[in-house]
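Shown next, in structure tokens, is the structure this report addresses.
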Amino acid sequence: MLNVKELLEEIKASPYKEIVVRAPHTGVVEFAELAVGDAVVGRSGTYQEKPGTPLATLTREKNRKPINAPEKGEVQSIRTELEGQFVEAGEELLTIRHFLTRKEVIELILQQALHLFRAPERAKYYFIPEVDQKLKVSGKRSVKVHDGMDMLIVSRMKRETPLAYSGPDGIIYSVYFHRGENVDAGEPLLGICPEDQLSTIQDVVTRVQSEWEEE
Amino acid sequence: MTQRILIANRGEIAIRIMKACRKLGHEFVVLYTDADAESGHVDLARELGGPRSLYRIQSYLDANEVLSVADVAEATAVHPGYGFFAEDFRFARRVVRRDSPLTFIGPSWWVIRDLGDKINTKRIARSLGVPTIPGSDRPIYSEMEAEEIARNLFAFQRDQGLVNSCVLVKASAGGGGMGIEEVEDPDQFRSTYRRIRNYAKRNFNDEGVLIEQRIFDFNHLEVQVLSERGGERHVHFGTRNCSVQSTGMQKRIEVAPGFVPDELGYAFNAAKVLEDITNHSLTMAADVGYDSVGTWEWIVTPRGEPFLMEVNTRIQVENGVSAAIARIGGHDGTDLIAEQIRMAFGDGMGYAQDDITFDGVGIEYRIIAENPAQRFAPCSGTITRFSWTDQPWLTMHTQIPQDREYEIPMEYDPNLALAIIHGADLREAKERGTAFLDSLVLEGRAASGFNTNIDFLREKTASLLEF
């Protein structure tokens, strides 16, 4: 049985995550008026329609792209020496110290409780059209999976091959990959919850929700 | 005048373009992504290009990345290599029309627009009486229309007395054999059509598909064309045979010339077929005012009937095998990439068709970490050893560093190296090809076993150019 209390204590001992904000592409960077120690917030609103705190802008081919805080936190460092300079893609711009949210803690703990279907190799992953459609229409917990079921498309080196699910029967509880992003071999793709364990999983979620205090 | 050429491509072609730039006295600017940080093209740029010659970008497919670097690096021209930009007329148009215009090293954008699309090409070819494959001559976006074309093609093949009728479904915006599937059972057509449509949408951002008759047991031939800027002067650099392909119709061995009627017997007049496809290709080049390097791709049936498949309005991977047998004014060392760059800056060709002669047979091997036994599934992993014996008749193009281990990036084509062999005739070229493959060492480690296509290449060498 999962020791939620122990896991929570472990996370509480180090409840922060350092987020490195990098230039998503090339361009000339201009920082917003921020100082080390300033608080920033991530995307918010009912529909996530409000962007996070502006951190910088990146101008490329006459387009100004705002760079906003991806999560709530505190500015830890800013590379002010890059102000007004052309930067290459991936250049580190600033760092944010982020206090883990309830949702993130739940995901961390659920990774211990769910059956994780992992990436067999580094590649991009997509759901097959039938599953994708069902997930979009009815939500992820509506999709039942069983061993040998065609589930994903593996895309690497411009070749696409099908990938069948292997593991216990259950429902898709968590999806850990994003469309168009590479997943390393061994990283979790899906968290599957056997139907008879659904109530146990819900208990874990409720427990974390009541015990984790967000900053 | 010295130009500063931005190379908007990666891997071995970036290396060949850098070398061509050096030969012509031009400077270059090279791009790379995080996934490609260990590629040999990055090493060579550092070694030959000096500071300000290398920039990290987010994606090779992002035009804004390419052009923003071009400005910062003060480039005067863009060479798209053989990547997707090479056949994207909007990109070519943007390069020459922007506020800081650059030279696009390739055909003029309107030529790419007219020929870069398989469907337009088919229409132009049909208007000139050039034979093309039966099927749709525009991209199909409607499932009902697609099914009707497929039904008609199946019926047509049945009427022709073909026992195993088959229809090809192709992503209209694809190229290089990507996004093509066969359908033998009319009942399976719809699911294949949907799969290709979705693939095309994901990879090319265009759902259009082409539906064509599948021609069996054909040979895949090419005609290498070079035209001056201005579109008035056109020459050819002979033919190639690219019939050795993977199950996904990706080329694995290319041979120049396309057939060797002096050495092998054919059931048709092979010399005439080569002459016909060359003439048809040059006729089309003249008609559209072609103005760079380009390839006319043909399929030839076992009865010796040629059909034009498409025109690749770019330098191709296999250009080197044609260059290996071509002599200009009797001189060795033909470099079609250098010729393409010269033409782009408006230089005169300086020679005519009569000055181009051909000597012997060239074979190009595409060396890839893949498993031919499992439908050529590309292999992920790390290359631990890669070596071969140098020979005067061998040219290697590769981005794999020889001084360290190399992790194969998952993001790009799986080609690791190209080996070009030259022989006085087919027999000698095949002997040398086999000797080269025997000397080749390619080792690696991968989670599910490391595979290469070397045995496949060796096996196919035995019957090259037989039809």
Looking at the stretch A:103-211, how many pairs of lysines come closer than 19 Å at the Cα, when each pair is eight or more places apart or spans two chains? 4
Can you work out the Karplus-derived ³J(HN,Hα) for every residue in the stretch B:360-366? Use 6.51 cos²θ - 1.76 cosθ + 1.60 with θ = phi - 60°, whole Hz, and x for glycine or proline. x, 10, x, 10, 10, 9, 9
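Could you calculate the FRET efficiency of A:R179 with B:K272 from 1/(1 + (r/R0)^6), where r is the beta carbon distance between them and R0 is 51 Å, rounded to 0.05? Before the final figure, lay out each step's value.
Working: r = 52 Å, r/R0 = 1.02.
For R0 = 51 Å, the calculated efficiency reads 0.45.
How high is the relative contact order of chain B, in percent, with contacts defined as C-alpha pairs under 8 Å that are six or more residues apart?
On the way: 990 pairs, mean separation 64.8, N = 467.
Relative CO of chain B lands at 14 percent.
Report the rotationally averaged projected area of the stretch B:306-380 based on its alpha-carbon convex hull, in square nanometres. Mind showing how you got there, number by number?
On the way: hull surface 32.9 nm².
That works out to 8.2 nm².
Averaged over every viewing direction, what's the projected area of the C-alpha convex hull for the stretch B:379-467? Give it in nm², one decimal, please. If you can, show how the numbers build up before the last one.
Numbers: hull surface 26.6 nm².
Over all viewing directions, the stretch B:379-467 projects a mean Cα-hull area of 6.7 nm².
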Give the cross-link partners of B:K122 among the lysines, using a straight C-alpha distance below 19 Å as the criterion and excluding same-chain residues fewer than 8 apart. B:K170
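How high is the relative contact order of the stretch A:122-188, in percent, with contacts defined as C-alpha pairs under 8 Å that are six or more residues apart?
On the way: 113 pairs, mean separation 27.5, N = 67.
41 percent.
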Could you give me the ³J(HN,Hα) list for the stretch A:184-201, computed from phi with Karplus coefficients 6.51, -1.76, 1.60 and θ = phi - 60°, whole Hz, x at Gly and Pro? 6, 4, x, 6, x, 9, 9, x, 10, 10, x, 4, 6, 9, 4, 5, 4, 4
With DSSP loop assignment and no more than 15 other C-beta atoms within 10 Å, the GluC sites (Glu not before Pro) in the stretch A:30-66 are A:E33, A:E49
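Given R₀ = 51 Å, FRET efficiency for A:V36-B:D438 by Cβ-Cβ distance, to 0.05? Walk me through the intermediate numbers first.
Details: r = 63 Å, r/R0 = 1.23.
After rounding to 0.05, the efficiency reads 0.25.
Express the relative contact order of chain A as a whole percentage, based on alpha carbon pairs under 8 Å and six or more residues apart in sequence.
On the way: 413 pairs, mean separation 41.6, N = 215.
Dividing the mean separation by the residue count of chain A yields 19 percent.
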Expressed in nm to one decimal, what extension gain is obtained for the pair A:S44 and A:Q197 from 0.36 nm per residue of sequence separation less their Cα-Cα distance? 51.9 nm
For the stretch B:351-407, with only Lys/Arg (+1) and Asp/Glu (-1) charged at the beta-carbon, what is the dipole magnitude about the Cα centre, in debye rounded to 20? 400 debye
Using the Cα centre of chain A as the reference point, and only Cβ charges (+1 on K/R, -1 on D/E), how large is the resulting charge dipole? Debye, rounded to the nearest 20. 740 debye
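Given only helices, namely DSSP H runs of n ≥ 4 each adding -39500 (n - 2.57), what is the per-residue ellipticity at 222 nm of chain B, to the nearest 500 deg cm²/dmol? Present the calculation step by step, with values, prior to reporting the outcome.
On the way: 13 runs with 145 residues, N = 467.
Per the formula, -9500 deg cm²/dmol.
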Please identify every one of the GluC sites (Glu not before Pro) in the stretch B:375-467 that sits in a loop by DSSP and has no more than 14 other beta carbons within 10 Å of its own beta carbon. B:E405, B:E466
Mind listing which trypsin sites (Lys or Arg not before Pro) in the stretch A:1-81 are in a DSSP loop and have 10 or fewer other Cβ atoms within 10 Å? A:K62
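Just to be sure I follow the definition: excluding the sites themselves, where is the longest run in chain B that has none of the trypsin sites (Lys or Arg not before Pro) in a DSSP loop with at most 15 other Cβ atoms within 10 Å? It would help to have the intermediate numbers written out before the result.
Values: sites that count: B:R52, B:R98, B:R303, B:R375, B:R404.
The answer is B:99-302.
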So who's got an amide H within less than 5 Å of the one on A:L93, skipping anything under 5 residues away but keeping other chains? H placed 1.01 Å off N, in plane. A:V21, A:R22, A:A23
Say R0 is 56 Å: what FRET efficiency, to the nearest 0.05, do B:D159 and A:E81 get from their beta-carbon distance? 0.15
Subtract the Cα-Cα distance of B:D355 and B:R52 from 0.36 nm times their separation in residues, and report this length gain in nm to one decimal. 105.1 nm
Residues of the stretch B:195-224 with backbone nitrogen within less than 13 Å of a virtual label 7 Å along the Cα-to-Cβ line of A:Q133, please, listed as ranges. B:195, B:198
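Magnitude of the Cβ-charge dipole of the stretch B:219-461, K/R +1 and D/E -1, about the Cα centre, nearest 20 debye?
Details: 20 positive and 36 negative charges, 117 e Å.
Using only the charged Cβ atoms, the result is roughly 560 debye.
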Calculate, axis by axis, the spread of Cα positions in the protein assembly as shown along the three principal axes, and write the results as whole Å, longest axis first. 84, 61, 48
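Against the empirical 2.2 N^0.38 Å scaling, what ratio does the C-alpha Rg of the stretch A:87-127 come to?
Details: Rg = 15.9 Å, N = 41, 2.2 N^0.38 = 9.0 Å.
Its radius of gyration relative to the 2.2 N^0.38 Å reference: 1.77.
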Inter-probe distance in nm under a simple model that places probes 7 Å from Cα toward Cβ, at A:R97 and A:S166: 4.5 nm
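Each reported figure results from applying straightforward, stated rules to the coordinates on display, with no laboratory input. These numbers were taken from a predicted model, which means no experiment stands behind them. No Cβ is skipped: glycine too gets one built from the backbone with ideal geometry, and neighbour counts run over all protein chains shown.
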